[in-house]
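The values are calculated or read from the model by the stated rules, or taken from the named source; none is laboratory data. Note that the coordinates shown come from a computational prediction; the quantities given were computed from them, not determined experimentally. Cβ placement follows ideal geometry from the backbone for every residue including glycine, while neighbour counts extend to all protein chains displayed. When the accessible area is computed, the model is the full protein with side chains, heavy atoms only, and any ligands, DNA or RNA have been set aside. Shrake-Rupley method; radii C 1.70, N 1.55, O 1.52, S 1.80 Å.
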Amino acid sequence: MSPVAEKDRAVVQLLLNAGTCPRCVLRFCSVGSQLLYRHPLQDLLKDLQEFLKNSQEKEGTVCLDVADPPCKRLRLEHKEEGADELNHNGAIPQLPSAGNAGNTGNPALSGNTALESSAGRVCNVCLGILQEFCEPDFVKKVCQKVNSADYQFTSFVFSVSLPPQLSVRERAAWLGVKQQMRNLGLPLAKDDIVQLKEAYKWIIHPQLAEELGVPADGKSLFEVSVVFAHPETDEECHFLATACPDCFKPAKNKQSVFTRMAVIKALERIKEEDFLKHFPCPPSSPKNLCDALEIQCNNGAVFVAGRYNKYSRNLPQTPWIIDGERKLESSVEELISEHLMAQFKADSFNFSSSGREDVDVRTLGNGRPFAMELVNPRRIRFSAEEMKRLQQAINDSSDKIQVRDLQLVTRSAIGRMKEGEEEKTKTYSALIWTDKAIQREDIAFLDDIKELRLEQKTPLRVLHRRPLAVRCRLIHSMRSEYIDQHHFRLHLRTQAGTYIKEFVHGDFGRTKPNIGSLLNRTADILELDVESVDVDWPPALAD
């Protein structure tokens, strides 16, 4: 049974004569059967040959013997004449209508000649992607790359990056097919054509799945991608920049303005007659196949969360680097990430937390919630017991920090750490010094103050990285502990985001009121500890 309908005979003959591969012929004939595309190229070619032969016999024409095709010189001469005709007038060469398509008066238009023209040549539309790059040898090459990268995965999604000029060639072929269908009085919408990427995945998915031993899944987090290029035809897009200059604008991180999306946008705008003046239709056959520039693997990010305690007053939360110079040798982020990166075998990471403490501030109590995104991890599966051992390894590596409740979480769950961050409360303990002597009764009134509203201008010490603004914050409650005539400890429960140091010393009047103004004397902070961060995430784990 023929894979194409009788109405497509002229289209099949046109495309094969132009050097289009059998699979692209099926695409332009709107064949939607995935199984057909997986048939060997030679079998598809024979099927199309039989289809044209039977069509010619039905028309009462004489079919040329397959074993004795017309001479190659005759075919080449005809092809060159057709190309010359197009270059001079920009018109699509006309083929016979369905009623006389089998006429053997012109050997270049016979079914057998068309098939001979298509066989053994690089496809003029897909540039070989539906030919050599569907073969088992290429599939094995891809799988060898995947296996050598040593990823953990239970399924895969396959993606392909195509040269932008393929869109130009497909448009040229489509215009030729459209003309033939118009001659037959049949409509053809661009959406009827099976897209190249779709057809390629139909062919390649089963082969990759069998070779890798896992199913293809469009929702998989493990991606196998192939990047194709075709240097021989790179300049075929350039005429579009003259016709549609607004579509091609330089962009950051783009090596060329001729991106696939820019080309597609230009093709949507350019008029058919303008397109035909600049590009042959159907397109000519190239000499070389596409190059598979890159075969890449990428695993979706894994997210790890926990809570950390910081016991050092000489440790920043993140690397402290100013003007390229590192100020301190380590950080909370690095002490945790070092172990996670090694175990998950990730390319990089992104660290986030529920607020941050200064380098000289300790974080005590249940610790501060944090999350780490591990980018492109090779290993993704960890048991609860393995996570406990990983947590212990972090804790054994330094006396400056401790981690608890270390666990795998989802991307969406991390949002809970940031939800209503400013409405959350935090508890602090501050050691305060005053210039004038104090007695217990001088600070006792602080215990009675509730919901004290502050106005805090952006502190001078963070003005280089935070915008200038006045922020309203609440001190929910305070409790004082007298130490001596110049020292006392103050326990505060505050709205998250309150600058505690500035609340104590006033920051030259930028925070009002402040402890100095409340006590009517100069006050400064000597030590600060975070005692609790009231964020109920991540879930506490049993020891």
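Of Lys450, Lys457, all but one fail to be out of contact with any Asp or Glu (no Cβ under 8 Å at 6 or more places or on another chain) and charged (D, E, K, R); the exception is Lys450. All of Arg307, Arg313 fail the test of being surrounded by 14 or more Cβ atoms within 10 Å (Cβ to Cβ), in the same structural domain as Arg381 (by the TED database), of a type outside the set (Asp, Glu) and more than 23 Å from Met387 (Cα to Cα), apart from Arg313. Residues being modelled with pLDDT of 90 or more, in contact with a Leu (Cβ under 9 Å, 6 or more places away or on another chain) and open to solvent by 30 Å² or more (accessible area, probe 1.4 Å) are represented in the stretch 282-295 by at least one member. Residues in the stretch 30-54 that are in contact with an Asp or Glu (Cβ under 7 Å, 6 or more places away or on another chain) and open to solvent by less than 10 Å² (accessible area, probe 1.4 Å): 0 in all. If you filter the stretch 239-255 down to residues that are within 24 Å of Pro280 (Cα to Cα) and assigned to a loop (DSSP other than H, G, I, E, B), you find that the one that is modelled with the highest pLDDT is Cys244.
Quick one: would you say Ala266 is within 23 Å of Asn124 (Cβ to Cβ) and surrounded by fewer than 18 Cβ atoms within 10 Å (Cβ to Cβ)? No, not satisfied.
Taking the numbered list (1) modelled with pLDDT of 95 or more; (2) crowded, with 16+ Cβ neighbours inside 10 Å in turn, Met417 passes all entries but (1). For the condition at pLDDT 95 or above, touching a helix residue (DSSP H, G or I) at 6+ places or on another chain (Cβ under 6 Å) and of a type in the set (D, E, K, R), Arg379 qualifies. Just to be sure, is Ser337 of a type outside the set (Lys, Arg) and buried (at least 20 other Cβ atoms within 10 Å of the Cβ)? When the stated conditions are applied, Ser337 passes them.
Go through Thr318, Thr259 for me and flag whichever is under 21 Å from the mean Cα position of the chain (by Cα), polar (S, T, N, Q), open to solvent by 20 Å² or more (accessible area, probe 1.4 Å) and farther than 30 Å from Thr154 by Cβ.
Sole residue among the options that is under 21 Å from the mean Cα position of the chain (by Cα), polar (S, T, N, Q), open to solvent by 20 Å² or more (accessible area, probe 1.4 Å) and farther than 30 Å from Thr154 by Cβ: Thr259.
When the residues of the stretch 128-187 are filtered to those that are touching a Ser or Thr at 6+ places or on another chain (Cβ under 6 Å) and surrounded by fewer than 18 Cβ atoms within 10 Å (Cβ to Cβ), the one that is nearest to Pro286 (Cα to Cα) is Ser159.
Listed conditions (1) open to solvent by less than 10 Å² (accessible area, probe 1.4 Å); (2) assigned to a helix (DSSP H, G or I) are all met by Cys123, apart from (2). Put simply, of Val530, Val504, Val535 the only residue that is open to solvent by less than 40 Å² (accessible area, probe 1.4 Å), at pLDDT 95 or above, aliphatic (A, V, I, L, M) and within 30 Å of Thr410 (Cβ to Cβ) is Val530. Scan the stretch 188-214 for residues that are open to solvent by 20 Å² or more (accessible area, probe 1.4 Å) and under 29 Å from Gln152 (Cβ atoms) and the total you get is 13.
Just the residues that are surrounded by 15 or more Cβ atoms within 10 Å (Cβ to Cβ), in a loop (DSSP other than H, G, I, E, B) and in contact (Cβ under 8 Å) with a residue 60 or more places away in the chain, please, taken from the stretch 367-404. Within the stretch 367-404, Asn376, Pro377, Arg378, Arg379, Ile380, Ser398, Lys400 meet the criteria.
Can you tell me how many residues within the stretch 293-329 are touching a strand residue (DSSP E or B) at 6+ places or on another chain (Cβ under 8 Å) and more than 30 Å from Val226 (Cβ to Cβ)? Matching residues across the stretch 293-329 total 16. For the stretch 426-484, which positions are of a type in the set (A, V, I, L, M) and outside any strand (DSSP E or B)? Listed by number, the residues that qualify are Ala437, Ile438, Ile443, Ala444, Leu446, Ile449, Leu460, Val462, Leu463, Leu468, Ala469. Does Ser148 satisfy the criteria of being at pLDDT 95 or above and more than 16 Å from Val25 (Cα to Cα)? So Ser148 fits the description; yes.
If you go through the stretch 484-518 and keep only what is free of Cβ contacts under 8 Å to residues at least 40 places away in the same chain and farther than 13 Å from Leu446 by Cα, you end up with Asp484, His505, Gly506, Gly509. Contact map, the stretch 10-36: first residue part of a loop (DSSP other than H, G, I, E, B), second residue open to solvent by less than 10 Å² (accessible area, probe 1.4 Å) and aromatic (Phe, Trp, Tyr), Cβ cut-off under 9 Å, separation 6 or more or different chains; pairs are Thr20/Phe28; Val31/Tyr37.
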